[in-house]
Amino acid sequence: MAAQTEYYEEEQAPVRAAAEHVSMRAQASIVPADSISGHALLAVIAIMTFLAALTLGAVVLVRSAAGEWQSAVAREITVQVRPSAERNIDADVQKATALASATPGIGGVRPYTKEESANLLEPWLGSGLALDELPVPRMIVVRITPGETPDLASLRKQLAEQIPGSSLDDHRGWVDRMRAMARSAVALGLAILALVLAAAMLSVMFATRGAMSTNRQIIEVLHVVGAKRSFIAGEFQRHFLLLGLQGGAIGGAGAMVLFALIAVLSDWFKGTPGESQAGALFGNLSLGLEGYGAMIGLVVLVAAVTAGTSRLTVQRTLRSMK
C-alpha cells in the first residue's frame with residue numbers, strides 16, 4: 001500500500017508542479033522574458049520598425065511635396081506669343097496681357113521681356129549666344145486667384161482669334177504626370193511597408209514556435225491539468241505584445257529623431273543653394289504632426305501584429321498537439 005501511494009505521488013508530481021505554475025501566473029511566465037532569442041527578436045523588431053518608419057516618413061514627404069508641386073503649378077498658366085514677320089510682337093504681348101487681365105479669376109499677369117524670355121533658354125543653349133535671328137517666343141505668366149476658377153477655354157479662344165501664333169498652357173499635363181508619380185511613389189512605399197510587416201510576422205512566428213518547442217513539456221502538463229487554450233495563448237500574446245511595443249518604440253523613436261534632425265539641419269542651411277534645391281525637390285522636410293502621428297500609429301500596429309501573430313501561431317500549434 002505504501003508503495004502504491006509513493007508511486008501515485010511520483011506520477012502526480014508533474015501535475016502538481018504545473019498547477020502551482022498556473023496559480024503563480026503573475027509571478028512567472030511560460031515564455032522566458034530574458035533569453036538570447038528574445039533579445040534577438042527585440043533587435044529584429046526594432047530594426048524593422050525603424051525601416052518601416054523611414055519608409056512611412058518618405059511617403060508622407062512625397063505626398064506633401066507632390067501636393068505643393070501640384071498646387072503651385074495649378075495656380076499659374078502660361079501664355080506664349082510667337083514672333084511673326086507680319087506682326088508687332090510687342091503689341092501682341094500687350095494685347096495678350098490685357099485679355100488675360102480682363103478675365104475674371106486672374107490675380108496677376110507678368111509679361112516677360114525679350115531678354116528674360118531669351119534667358120530661359122540659357123540652361124539648354126548656353127550664354128553669350130545671339131538669339132536675335134531665332135524665333136524666341138515671348139512668355140506671359142498668369143497667376144490665378146486662390147479659390148477662383150477662370151474660364152480658360154474662353155481666354156484660349158480669344159487669344160487664338162485676336163493674336164495669331166499665341167497659345168495658352170494650363171500645365172494640365174505636368175499636373176497629371178506629377179499626380180501619377182506621387183501615386184506610384186506612395187504605392188511603392190506602402191508595398192515596402194507591407195513587406196517589412198510580413199517579415200516581422202514571419203520572425204515572430206518562428207520565435208513563437210521556438211519558445212513553444214522549448215517549453216513543450218510545461219505546455220503539455222498544463223493541458224493535463226485543464227488549462228484552457230486561451231490561457232496559454234494569452235501568455236504568449238502578452239509576452240510578444242510587450243516585446244513588440246519595446247522594439248517598435250525603439251525603432252520608431254530612432255526614425256522620429258532622424259527626421260527631426262533632418263528638419264533642424266534644413267533650417268540651419270535655409271537660404272543656401274543646396275537647401276533651395278532640396279526644397280524644390282522634397283518640399284518642406286518637416287513631417288509635421290501628421291507624419292509623427294503616423295509613426296506612433298505604426299509602433300502600435302507593429303505591437304498588434306506581433307501579438308496577433310504569436311496568438312495565432314500558438315493556437316494552431318496547440319490544435320496540432322491534440
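Applying the Karplus parametrisation 6.51 cos²θ - 1.76 cosθ + 1.60 with θ = phi - 60° to the phi angles of the stretch 50-64, what ³J(HN,Hα) value in whole Hz is obtained for each residue in order, glycine and proline being reported as x?
4, 5, 5, 5, 4, 5, 5, x, 5, 4, 5, 5, 5, 4, 5
Counting only protein chains, not ligands or nucleic acids, how are Glu116, Glu148, Glu290, Glu235 ordered by accessible area (probe 1.4 Å), most first?
Glu290, Glu148, Glu116, Glu235
Show me the ranking of peptides 245-256, 99-110 by mean Cβ neighbours inside 10 Å, starting with the highest.
Packing order, densest peptide first, comes out as 245-256, 99-110.
Please work out how much accessible surface Val221 shows to a 1.4 Å probe, ignoring ligands, DNA and RNA, in Å² rounded to 10.
40
Extending each Cα 7 Å along its Cβ direction at Arg183 and Leu42, get the distance between those two points in nm, one decimal.
4.5
Between Gln94 and Val136, what length comes free when the chain is fully extended (0.36 nm per residue of separation minus the Cα-Cα distance, one decimal in nm)?
In short, 13.5 nm is gained.
Hey, if we sort Lys228, Lys114, Lys95 by accessible area with the 1.4 Å probe, largest down, what's the order?
Lys228, Lys114, Lys95
Roughly what would the spin-label model give for Leu242 and Glu68, points 7 Å off Cα along C-beta, in nm?
4.4
Counting only residues 5 or more places away or on other chains, whose amide H sits under 5 Å from the amide H of Glu76 once H atoms are built in the peptide plane?
Amide H neighbours of Glu76, under 5 Å, 5+ apart: Ile144.
Which ³J(HN,Hα) values, rounded to whole Hz and listed in residue order, are derived for the stretch 157-170 from phi using the Karplus coefficients 6.51, -1.76 and 1.60 in 6.51 cos²θ - 1.76 cosθ + 1.60 with θ = phi - 60°, glycine and proline given as x?
Computed from phi, the couplings for the stretch 157-170 are 5, 4, 5, 5, 7, 9, 10, x, x, 9, 8, 10, 10, 8 Hz.
Would you mind getting me the FRET efficiency between Ile296 and Arg87? Use the beta-carbon distance for r and R0 = 51 Å, nearest 0.05.
So the FRET efficiency works out to roughly 0.20.
List the residues, sorted by chain then number, that are 5 or more residues from Val136 or on another chain and whose placed amide H is less than 5 Å from its amide H.
Hits under the 5 Å cutoff: none.
From the backbone phi of the stretch 74-87, what are the Karplus-calculated ³J(HN,Hα) couplings (6.51 cos²θ - 1.76 cosθ + 1.60, θ = phi - 60°) in whole Hz, Gly and Pro given as x?
5, 7, 10, 10, 10, 10, 10, 10, 8, x, 9, 5, 8, 10
With labels modelled as points extended 7 Å from the Cα through the Cβ direction, what inter-label distance (nm, one decimal) is found for Ala263 paired with Leu121?
Distance between label points: 4.6 nm.
Taking 0.36 nm per intervening residue step and subtracting the Cα-Cα distance, what contour gain separates Leu289 from Ser154 on full extension?
Answer, rounded to one decimal: 44.4 nm.
Students often check this: by mean Cβ neighbours within 10 Å, which of 153-163, 172-182 ranks highest, and how do the rest follow?
153-163, 172-182
The values are calculated or read from the model by the stated rules, or taken from the named source; none is laboratory data. Quick caveat: nothing in here was measured; it's all calculated off a predicted structure. Cβ: placed from backbone, ideal geometry, glycine included. Neighbour counts: every protein chain shown. These area figures cover heavy atoms from the full protein model, side chains too; ligands, DNA and RNA do not enter into them. Shrake-Rupley method; radii C 1.70, N 1.55, O 1.52, S 1.80 Å.
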